[in-house]
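Undergrad: For reference, the structure I am asking about is given below.
The values are calculated or read from the model by the stated rules, or taken from the named source; none is laboratory data. Computed from a predicted model, the values in this text were never measured in an experiment. A quick note on method: Cβ atoms are made from the backbone with ideal geometry, for glycine too, and the neighbour counts reach across all protein chains shown. In case anyone asks, the SASA skips ligands and DNA or RNA and just uses the protein heavy atoms, side chains included. Shrake-Rupley method; radii C 1.70, N 1.55, O 1.52, S 1.80 Å.
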Amino acid sequence: MKKILLYAGLLATVLATGCKKEYLQTKPTDQVALEEVFTSTTNANAVLNGIYAYMFTRTTTTTSNAQGKPGVAGILLGIDFMGEDVHQANATWFTSTGEGNYVSPRTDTHASNLYYYRTFYRMINNANYILDNIDAATGTDAEKNRIKAEAYTIRAYAYSYLVQFYGTRYDASAKPNNQLAVPLVLTSADIAKPRVSVEQVYTQIIADLDKAIALNITTKTNKTHADVWVAKGLRARVALTMQDYPNAIKYAKEVIDGGKYPLMSQTDYQSGFNNNGLSEFMWCAMPTTEQGDTFGSYYAQIAYNANTTYMRGTPKMINSALYDQIAATDVRKKMWEPAPTAANFPLPTTSFTRRAYMSRKFSVKTVGDPSLGDVPWMRSAEMHLILAEAYARNGQDVLAQAALFALVSKRDLSAIQSIKIGTALVDEIMINRRVELWGEGFRYLDLKRLNLPLNRNAVPNYVATSVSNVMAIPAGDSRFLFLIPRDEINANPNIGPQNP
Amino acid sequence: MKKLLQSLFVLMLVAFGAMAQERTINGTVTSTEDNIPLPGVSVKALGAQAVTVTGGDGRFTIKVSSAVTAIQFSYIGFTTKTINLTSSNTINVGLTPDAKTLTDVVVVAYGTQKKEAITGSVSNITSKDLEKRTVTNLTAALQGSAPGISVVASNGQPGNSAGIRIRGFGSYSSSNSPLIVLDGAVYDGSIGDINQNDIESLSVLKDASSSALYGSRGANGVVIITTKKGRDTNPTINVNFNQGWSTRGIPEYDRLNTLEYYPAVWQAIKNNLMYSATTPLAEAAASAKASTDVATNLVYNPFNVPANQLVGTDGKLNPNASLMYDDFDWYKPLQRTGNRTDANISTSGRTDKTDYFVSLGYLNDKGFLLKSDFQRFNARVNVNTKLRPWLKTGLNLSGAMSDANIASDASTGNGSSFVNAFSFARGIGPIYPVHAFDASGNPIMNTVTGAQWYDYGIHPGAINRPAGASPGRNVVYETMLNDNAYRRSLISARSFVEVKFLKDFTFTPTISMDLRNNNTDQFWNPLVGDGAGTNGYKFQSNNTIRSYTFNQLLSYDKTLGLHHISVLAGHENYSYNYRTFQADRTNLVAQGNTELANFVSASSSYGRADNDKIESFLSKASYSYDNRYFLDASLRRDGSSRFSPDQRWGTFFSVGGSWALNKESFLKNASWIDDLRIKASYGQVGNNALLDGNGNSRYYGDRAFFDLGSNSNTEGGVLLASIATPDLSWEKQNTFNTGVSFSFFGKRLYGEVDFYRKNVNDLIFSVPQPLSAAVTSVYRNIGSMYNQGLEIQVAGDIVRTQDFTWNLLTNWTFFKNKITKLPDETPTIISGTKKREAGHGIYDYWLRQYAGVDPSDGAALYIPADGTTAANIRTVNGVQYVTNQSFAKFDYSGTAIPDLSGSFTNSFSYKGLSLSVLINYQIGGKAYDGVYQGLMSTGSFGGALHKDILNSWTQSNTSATIPRADYGNSTNINATSNRWLIDASYWNIRNINLSYNLPKEWLKTIDVPSARIFVTGENLYLHSKRKGLNPTESFDGVNGNTYPQSRTISVGVNLSL
C-alpha cells in the first residue's frame, strides 16, 4: 500500500509539475508594445519624439559610412555637396559616399540612396501610426490635435523631399505633373503601393499641411516640435518649389508677420548656428550630451571646430565666387575666411587643417564637446528669402526689394535697399539665398526646382578631383533624378517602372 | 554413490590444498591496435572466484590458487582472450578490438544507448579522437570529424567558436546552429569555456529520431557533450601539457607594391579624366594632368624625386626615383608568433559505491595578432555515489574563468572599421608608412620619448592621408593603446537523484544550471582614433545569463527472455534569464587607469532584461527482440514563450527501426560479415530559435513593438520596430533517414551509408518589406524547403600486421538544398547576393550579369535588364550592353553550396608510434570574393590595389579581360556582379598528429606507468582558387576582412600516474 502511494505520488509529480500559464508569458524591457503606446496621448507623444530624435540620429538603415549619415541632417549635408557652393578639398564623405559625384542618385543599390529613401519613409510610417491610432487614445482633444498636427507636418515634410529626389521637377506650366514620383503610403495598413505622380504627391503634401495649419497649434514645449508656424513655413517652401508664388508669399508672410521667430542679432549670427535659443530657429533638433553622437552628428561633419578626423583634415569651403559677392560689411562675410591663419582663424589643436575660404558658420555648441549642437530644420531667414523670391518671380519687384531688405538690413547694418528689378533682382535674391542657407540643404533643390545646370567650373576654388571631375551637369539631366532603390523594387511588386 | 562422495571429498582436499598454495600473477593489458594500456579490463581466474580489473595504467595483480591454469581477460569492444598459465608470474597481454561486439554505448537524448540499438543517425566523437587535436575551442575539432557536419572557421581569434551546420540548412531567418547539450541539459555557457580535456565524448544527433526528444529545439541537430567520470578502481592521475606556436594560416592577397602603386593610380586617374569626367580630356592632356593629380591625390611621396615628377606622361615611374625609407608593411608590427600553452591535470577513481573525476586546466592562447589572446582556467568535479542499492545521486560542477583581448574584424561586426587590423593593413596603399617621416624622408622623432612618432595625422609635422588610406588613424598605434577585452565567468552545475523502485522503474529528477557573467571592456585612448576627439572613451558592459533546466524523468526497463522494453516519460522546465547593463564615459583624468571612475563625463547608459522559457512533456519507448529487431518511438510536447499563446504549443515525434541482418539464419554462415544492419526513421522536430537581423536571439516573436531610447531632448521617444505577427510559430522539420552500417573481414572494411531527406515546413522568413513600408522586414512562417543528402563513411585497414597498421577513414557528404514553396504574395525574396524562389537553393546567387570589357574604352559591360531605355544602352560589336550597373540584368549565378565535401584521415601505427593526417576538402560551390572586389576597386584615393589591376584595360592593352581602373566610375566598373564569383573548391591539411607511447621499460625507471609524447599541427595548409581566399569563411559564400585562421604547431606530453 505504502509503495503504491509512493509510486502514485511520483507519477503525479511527473505529470502535475506543469507550470502555470504565466510561466510562458514574457515581455521585452527595451521595447513597448503597440497597444501600450497608444493608450494615452502622453505615450503617443513619445512616437512624435521618436521621429524627432530619428531626424538627427546616425542612420541604421545602412552600415556603410553611417557616421556621415546623421538622419535628415546627413541628407541636408549630402544634397548641399551636390551643389557647387559647399565643397571640400578631398574626395571623402559626401563626395566619395556618392553625393558630390552624383553616383548615389544614379545607383539603385547605393547605400546613400537607400538611406535617403528609407529615412523619410520611416518618418512617414511612424506618423501614419500616430494618425491611425491617436483618436482612440485617452487624453484631451487639445493634446490629440497637437499630436495630429505635428504628425501631418512631419509627413508633409518627408514627402516634400522624396518627391524632389525621386520625381523630376514640378513644372507649374505643365499641370498636371504626371511624371512618376514615389508610392503614397498614408495609413499603417498601406504596403507595397505603386508610384504615383508628382502632382498627386504634392496634392497630398498640401492637404496634410492644410490640416496641420487648420489645427493652428501655437504652443509647444520646445523647438523640437513642429508648430503651426513650421507648417506654414513648410507650406511656403512647397509653394515656392511648385512655382505657386502667391501661396509662397501668403504663407511666408504669415510666418514673418506672426513675429514669433524674429531674425537674429549680428552677435547671435556669429555664435555658431547651434542653439535652439537663437531667435530665428523655428524648428530644430535639440540633442542632449547623451543623445549626441561624437562622430555621427551634423556638427561632426560641418562645425569648423568639431574634433573629428573628418573636420580636422577636411574643412568645408564656400564657392569663392559666391563669397566675393558678399558685401564687406555683411556679417555673413565673417562666416568664411579667404586666407585663414592661426591669428584670424584659431582652431582647437594644431592638427586641424586650414584652407582658403573655409567656413566658421557652424560651431560646436559647447567647447570641449566634440560635436554637439542643435540642428536647424527651419529658420525664419528662409521665410524672408521665400517671400522676396516669390514676389520677384511674381513680378512684384518693389515688394520683393522690401522683403529682401528686411533680411539684408539685419545682416549688413550699412546695407541699403536694393533697387534692382527683374532678373537682376532675382539674381540678387538668389545670391543672398545661397549665402544665407549655405550648409543647410538648399542649393541642390534650388538647382532642380529652377531647372538650372550644375556648373562647378564657375567656382574658382573648386577641387575637381574631390568629385572625380564631375564638374558640369546640364539642366534637366537624368543625373538630377534619383533611381528608386533596388530594395524597394525587389520587395514591392506594384512599384511600377524605374526612373530612366 | 559412495565412490562419488569419495571423489568429491578428494577433489575438495585438492582444492583446499591448492588454495593453500596461492600465487600472484601480474602484468599489463594493452590494446593491440595502438599499444595503449587498457584500464578496467576484467581479469578472471578460470575455474575460481578470483576476479580483478586493470588500473588506469592497464596493470593488474591477481592472486590465484595453483590449481588455476588459465586467466581470462575480457573488455567491452575487445575479443575476450584466455591465457594459459605457465611458470611465469607475469602476463602481458594484448587485446584485439572486436568488430563483432558492437556494444559501444553512445550518449543520446536523455540517456545512453547501445550503438546497435540506435535507429537514427548519430556520430560519436570520443576523447581519443579529440586527443589528437589542439584546438582552443571545441567546435573546431568537429571539422572533418564525421559526414554531414560542416564547420566554418570564420575567424582565427583565439577561443572563438566556429559555426556548425548539421545536415544542411534548416532555417533561413532563424538559427541554423545545433543545440548544445552538456551532461544532459541545454548549455548556456560559451562553448569556449569547456575544457577539451574534460570531454569523454561528443554525440552529434543528426536525424529526427535521435533529436526528437529535444522537440522544439532539435531541428538543427544536437551536439551532446559528455564529460569524464571516474572509471578505474585504481586512482589515476593524468597530466597533460601542450605547448604550441601559431602563425597566420592563410596568406594575404597579392597586392601592388610600393613601386607599382603610383603608376597604377596614375593610369586610373588618367582614365577618369578621359572617360568619366564631365568634360573629358584627350589622351595627352589627360596623361599630363594625371601626372600632377596623382601627386595631389595620393598626398604622400616616399620617393626622392618631387611628387609631380614621380610618374611621367608615359605612365612609368621616374627611373631616378628611389625610396627614402621602407616602412610600408602594416602587418609586420601587428603580427607575432603566437604562443599557446595548455596544461591540465586530472584525477579520477572509483570504488564500488562512488566514482569521482576532478580536473584542473589552464590554457593561454596568444594569437598571432597583437592584442588578441584567450586565457582560461577550468575546474571540474564530477562525483556520483550510490547511497542505497536503490538510490544514486551525483553532481557535476564546473567553473571557468576566461579573459580575452579581442581583435576587431568582420566577424565582430567591424568589417571595414578603422580598428580592424586586417581591413586597415590590407587596405592601405603601399606608400603610406607606419611611422612618421618628414618630406625629406627623415624620421620624425618624439623629443620627449626619443622614439619615432607613429604616422597618425596628429603628430608634429602631420599631413592627412587621403580618404582611402584611413586618414587620422594608425591601426598599429591604436591597437597598442586601446583595449577591447572581455571577461567571462561560468559556473555550470548538473545534479541528479536516481531512485530505483519496483525492480524495473527509475525516477530521476535533475537540476542543471548555468550561471554566466560576461564583462566587456572597451577603451579608446585619447591620442589617436575614436577616442581622440573626446580625450579618451570607455565603454563597459556587464551581462549575466542565468539558466536552468529542471526535469523529472521516469523510466521503465524490462528484459523478458529475448524481448527488451524500455519506456521513458518526463516533464521539463527550461528558463533563461538575461540581464545587461552598460555605460560609457569620456574625458580621461589620469593616464594608466581605464576604469569608468577615471573619466569625467558620462555619455550614456543602458540596461535591459530578457526571459526565454520552455515547458515540455516528453516520452520515449523502445523495444528490441533478440538484439535483431529494434523499434523506438518518441513524443514531446513543448510550449515556448517566444510565440503568442495560441501558437506556443507544439508536438514533436519520431519513429524508427533497425534490423541486424547478420543475425538472421540466412547470413549466419557468411563468416566474413562481422556486422550488417539497416535502419530507417522518420520524425518531426521544431526550431524556435528566432533571430533578429543582427543574428541575436529574438524572444518575443508575436507582438508589434516600439523601440525605447529614441529620446528627443528631455522627452522620451519610441520608434516602431516590428509589426504584430500573432500567427508566427515553430519551423517544423520532417526528416526521413535510412542507412546501412557494415563491417566485413574482421573489421578490415567498415562504414556507414546514410540517406536523408529533411523537409522543412513553416519556414520562417524575415520577409523584406518595401523600404516604403512601416518596417523593412516581417517574420512569417511561409516557406518550405528540403535538404537531401547522402553521407558515406567508409574506413578500412589497408595494412594490418602485427606491428604496423594503416587505417584510412573517409567521409563523403553529397548535399542538396531546394526551396519548394514561398507564399503567393512574396514568390521571390531577394536579399544581399541571393534570391530565394521555389525550385532554387537557399544560397543561390542572384547577381547582375557581367559581360566583359568594351575594348574601345575599357568600360565594364553588363547584360541589360529587360526594358532598359535606349539612352542607357551601349552597343558593342552589334550586341547591346549597359555600363550603368543599375540597368544591368540580374540572374541566377550558381550556388555557395558545394557538390561534395569530405575528409580523409590516414592513420599509421607502428608499435608505440602513431601518425594521423586529416585532410578536408570541398568540391564545387562558388565563393563571392568581396575582399578581392574591394582590392580591385578604385573608389577613393589611397587604398591598396590587387596585382590583377596591372592586367586591366589601358589604352595600350585594349584586349584586356579586366575593365579599366577609373577613380571616377568604380561604382559601375566594379559593381557587385557575377564577375566576383570564384570556384570555392579547396583542400586543407587540417591536422597532423604524431605521437609516441614511451616504452614501458624506460618508464619503469621513473615509476611512470604510461606516457605519450606528441607533435600536432593544426590548419597546416589551405589550397584555394585564389591566394588569400578562405572558402570556409562563411556558409553563404561571402567573405570579409576577418581574422584569418592560424596555423598552430604544438608539442605535448601526456602522463598517466
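Undergrad: Output the relative contact order of the range A:393-475, whole-number percent, from Cα pairs under 8 angstrom with separation of 6+ residues.
TA: 20 percent
Undergrad: Using a Förster distance of 22 Å, how high is the FRET efficiency between A:ALA189 and A:GLU36, based on the Cβ-Cβ distance and rounded to 0.05?
TA: That gives a FRET efficiency of 0.60.
Undergrad: Could you pull out the pairs from B:LYS132/B:LYS353; A:LYS223/A:LYS365; B:LYS663/B:LYS758 whose alpha carbons sit more than 27 Å apart here?
TA: B:LYS132/B:LYS353; B:LYS663/B:LYS758
Undergrad: Let me ask something else. Suppose a student asked you for the relative contact order of chain B, using Cα pairs under 8 Å spaced at least 6 residues apart; what percent would you report?
TA: Reported relative contact order: 12 percent.
Undergrad: Against the empirical 2.2 N^0.38 Å scaling, what ratio does the C-alpha Rg of the range A:131-185 come to?
TA: Normalised by 2.2 N^0.38 Å, the Cα Rg of the range A:131-185 equals 1.57.
Undergrad: Follow-up question, since we're still on this one. Need one number: the % of Cα-Cα pairs in chain A sitting beyond the 30 Å mark.
TA: Roughly 49 percent, once rounded to a whole number.
Undergrad: On a 0 to 90° scale, report how tilted helix A:380-393 is relative to the longest principal axis of chain A, with both axes built from alpha carbons and the result rounded to the nearest 10.
TA: 60 degrees
Undergrad: Further question on the same structure: What would the Debye formula give as log10 I(q)/I(0) at q = 0.26, 0.29 Å⁻¹ for the alpha-carbon point model of the range B:327-378, no solvent?
TA: After summing over all Cα pairs, the log10 values are -0.94, -1.02.
Undergrad: Give me the inter-chain shielding for B:453-465: mean count of other chain Cβ atoms within 10 Å, whole number please.
TA: Neighbouring Cβ atoms belonging to other protein chains average 3 per residue here.
Undergrad: Can you give the FRET efficiency to the nearest 0.05 for B:ALA451 and B:THR354, using r as the Cβ-Cβ distance and R₀ = 41 Å?
TA: That pair, B:ALA451 with B:THR354, gives E of 0.10.
Undergrad: What is the antiparallel percent of DSSP beta bridges lying wholly in the protein assembly as shown, to the nearest 5?
TA: 95 percent
Undergrad: While we're here: Can you pick out the pairs among B:LYS114/B:LYS1004; A:LYS193/A:LYS361; B:LYS289/B:LYS889; B:LYS228/B:LYS911; B:LYS81/B:LYS1004; B:LYS816/B:LYS889 whose Cα atoms lie more than 32 Å from each other?
TA: B:LYS114/B:LYS1004; A:LYS193/A:LYS361; B:LYS289/B:LYS889
Undergrad: Are there any GluC sites (Glu not before Pro) in the range B:555-623 that are in a DSSP loop and have at most 13 other Cβ atoms within 10 Å? List them by number.
TA: B:GLU595
Undergrad: Once the principal axes of the Cα atoms of the range B:31-190 are found, what is the range along each, listed largest first in whole angstroms?
TA: Projected onto its principal axes, the Cα set of the range B:31-190 covers 73, 35, 26 Å.
Undergrad: Could you tell me the distance between the Cα centroids of the range B:905-957 and the range A:434-500, to the nearest Å?
TA: 40 Å
Undergrad: What does the net charge come to around B:SER216 if you take all other residues with beta carbon closer than 11 Å to its beta carbon, with K and R at +1 and D and E at -1?
TA: Spelling it out: positives minus negatives among the neighbours equals +3.
Undergrad: Ignoring ligands and nucleic acids, what accessible area does B:THR725 show with a 1.4 Å probe (Å², nearest 10)?
TA: 20 Å²
Undergrad: With only alpha-carbon pairs counted, each pair once and no self-pairs, how large is the Kirkwood hydrodynamic radius of chain B in angstroms?
TA: Details: mean 1/r = 0.0306 Å⁻¹.
Across chain B, the inverse of the average 1/r is 32.7 Å.
Undergrad: Still on this structure: Divide, for the protein assembly as shown, the radius of gyration over alpha carbons by 2.2 N^0.38 Å, where N is the residue count.
TA: That works out to 1.05 for the protein assembly as shown.
Undergrad: Turning to a different aspect of this structure: Using label points projected 7 Å from each Cα along Cα→Cβ, tell me how many nm separate B:VAL775 and B:LYS115, to one decimal.
TA: About 4.9 nm, to one decimal.
Undergrad: Sorting check: for B:397-406, B:123-132, which peptide has the highest mean count of neighbouring beta carbons within 10 Å, and how do the rest follow?
TA: Values: B:397-406: 20.0, B:123-132: 18.0.
Ranking the peptides B:397-406, B:123-132 by packing returns B:397-406, B:123-132.
Undergrad: For the protein assembly as shown, give the magnitude of the charge dipole about the Cα centre (Cβ charges: +1 Lys/Arg, -1 Asp/Glu; no others), in debye to the nearest 20. Please list the in-between numbers first.
TA: Working: 144 positive and 129 negative charges, 727 e Å.
Approximately 3500 debye in magnitude.
Undergrad: In nm, give the distance between the simple-model label positions of A:TYR23 and B:THR828, each being 7 Å from the Cα along the Cα-to-Cβ direction.
TA: Distance between label points: 4.8 nm.
Undergrad: Can you compute the FRET efficiency between B:VAL799 and B:TYR1021 using 1/(1 + (r/R0)^6), with r the Cβ-Cβ distance and R0 = 25 Å? Round to the nearest 0.05. Could you put the intermediate results ahead of the total?
TA: Values: r = 26 Å, r/R0 = 1.03.
Using R0 = 25 Å, I get an efficiency of 0.45.
Undergrad: From the protein chains alone at 1.4 Å, what is the descending order of accessible area for A:ILE217, B:ILE919, B:ILE1006, largest first? Walk me through the numbers on the way to the answer.
TA: Numbers: A:ILE217 25, B:ILE919 50, B:ILE1006 110 Å².
Output order, biggest surface exposure first: B:ILE1006, B:ILE919, A:ILE217.
Undergrad: If you don't mind, there's one more thing I want to ask. What ranking of A:LYS211, B:LYS620 comes out by heavy-atom accessible area, probe 1.4 Å, highest first?
TA: In descending accessible area the options line up as A:LYS211, B:LYS620.
Undergrad: Note the angle between two axes, namely the Cα long axis of helix B:283-298 and the longest principal axis of the Cα atoms of chain B, as a number of degrees from 0 to 90, rounded to the nearest 10.
TA: The angle comes out near 60 degrees.
Undergrad: Still on this structure, I have one more. For helix A:2-16, what angle does its Cα long axis make with the longest principal axis of chain A, in degrees from 0 to 90 and rounded to 10?
TA: Orientation of helix A:2-16: about 20 degrees from the principal axis.
Undergrad: Next up: Rg and Dmax of the range A:158-213 over Cα atoms: what are they, in angstrom?
TA: 11.3, 35
Undergrad: Still on this structure: B:SER408 accessible area, nearest 10 Å², 1.4 Å probe?
TA: 20 Å²
Undergrad: If you don't mind, another one. Give me the Å³ per residue figure for the convex hull around the C-alpha atoms of the range B:602-701.
TA: With only Cα atoms used, the range B:602-701 gives 182 Å³ per residue.
Undergrad: Now a separate question. Mind checking the alpha-carbon convex hull of the range B:220-318 and giving the volume per residue in Å³? Can you show the working numbers first?
TA: Values: hull volume 21.9 nm³, N = 99.
Value for the range B:220-318: 221 Å³ per residue.
Undergrad: Please compute the length gained on full extension between B:VAL497 and B:THR79, using 0.36 nm multiplied by the number of residues separating them and subtracting their Cα-Cα distance.
TA: The B:VAL497-B:THR79 span can extend by a further 146.9 nm.
Undergrad: Moving on. Once you have a ≥ b ≥ c as the square roots of the Cα gyration tensor eigenvalues for the range B:126-178, tell me rounded if a/c is under 1.5, and otherwise prolate or oblate according to whether a/b is larger than b/c.
TA: Values: a/c = 2.85, a/b = 1.46, b/c = 1.95.
Verdict is oblate for the range B:126-178.
Undergrad: From Cα pairs below 8 angstrom and at least 6 apart in sequence, can you work out the relative contact order of the range B:687-844, rounded to a whole percent?
TA: Working: 336 pairs, mean separation 23.6, N = 158.
Relative contact order here is 15 percent.
Undergrad: Between A:ASN394 and A:SER409, what length comes free when the chain is fully extended (0.36 nm per residue of separation minus the Cα-Cα distance, one decimal in nm)?
TA: Working: separation 15, 0.36 × 15 = 5.40 nm, distance 2.26 nm.
Net length gain for the segment: 3.1 nm.
Undergrad: What distance in nm separates the two pseudo spin-label positions at B:ASN339 and A:THR349, each 7 Å out from Cα along the beta-carbon direction?
TA: A separation of 3.4 nm, rounded to one decimal place.
Undergrad: Kindly compute the accessible surface that chains A and B hide from a 1.4 Å probe when together, both sides summed, and give it to the nearest 100 Å².
TA: Values: alone 20460 and 45160 Å², together 58230 Å².
Counting both chains, the buried surface is close to 7400 Å².
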